[in-house]
1. Is one or more of the residues making up the range 26-45 touching a Leu at 6+ places or on another chain (Cβ under 6 Å) and not acidic (Asp, Glu)?
2. What do you reckon, is THR9 modelled with pLDDT under 85, among the β-branched types (Val, Ile, Thr) and under 11 Å from the mean Cα position of the chain (by Cα)?
3. ALA24: small (Gly, Ala, Ser), in contact with an Asp or Glu (Cβ under 8 Å, 6 or more places away or on another chain), touching a residue at least 12 places away in the same chain (Cβ under 8 Å) and surrounded by 10 or more Cβ atoms within 10 Å (Cβ to Cβ), yes or no?
4. Against the definition (surrounded by 12 or more Cβ atoms within 10 Å (Cβ to Cβ) and of a type in the set (S, T, N, Q)), how does THR9 come out, yes or no?
5. Any residue that is more than 11 Å from the chain's Cα centre (by Cα), polar (S, T, N, Q) and modelled with pLDDT under 80 - is there at least one of those in the range 36-50?
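The values are calculated or read from the model by the stated rules, or taken from the named source; none is laboratory data. Please read these numbers as outputs of a predicted model, since none were measured by experiment. Every residue, glycine as well, gets a Cβ built from its backbone with ideal geometry; the counts of neighbours run over all protein chains shown.
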Amino acid sequence: MIDLVVAGTLGSLGLVSMPHTAVALPFKALLFVMVDGWRLLTEALLTSLR
């Protein structure tokens, strides 16, 4: 979803030649940290092993 928003924003600004994945990567990392991604990932792995 983040990639679509960033690609749409860059397209509307006329920055189509700029790679949208390079712009979206910091937003993805920030979102991962904000939702406590490491804890969620660890819990999911541990519960799947039980």
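1. Going residue by residue through the range 26-45, those that are touching a Leu at 6+ places or on another chain (Cβ under 6 Å) are none.
There is no residue in the range 26-45 that is touching a Leu at 6+ places or on another chain (Cβ under 6 Å) and not acidic (Asp, Glu).
2. Values: modelled with pLDDT under 85: yes; among the β-branched types (Val, Ile, Thr): yes; under 11 Å from the mean Cα position of the chain (by Cα): no.
Criteria not met by THR9.
3. Values: small (Gly, Ala, Ser): yes; in contact with an Asp or Glu (Cβ under 8 Å, 6 or more places away or on another chain): yes; touching a residue at least 12 places away in the same chain (Cβ under 8 Å): yes; surrounded by 10 or more Cβ atoms within 10 Å (Cβ to Cβ): yes.
Considered against the rule, which asks whether it is small (Gly, Ala, Ser), in contact with an Asp or Glu (Cβ under 8 Å, 6 or more places away or on another chain), touching a residue at least 12 places away in the same chain (Cβ under 8 Å) and surrounded by 10 or more Cβ atoms within 10 Å (Cβ to Cβ), ALA24 comes out as yes.
4. Working: surrounded by 12 or more Cβ atoms within 10 Å (Cβ to Cβ): yes; of a type in the set (S, T, N, Q): yes.
Yes; evaluated as a whole, the condition is true for this residue.
5. Within the range 36-50, not a single residue is more than 11 Å from the chain's Cα centre (by Cα), polar (S, T, N, Q) and modelled with pLDDT under 80.
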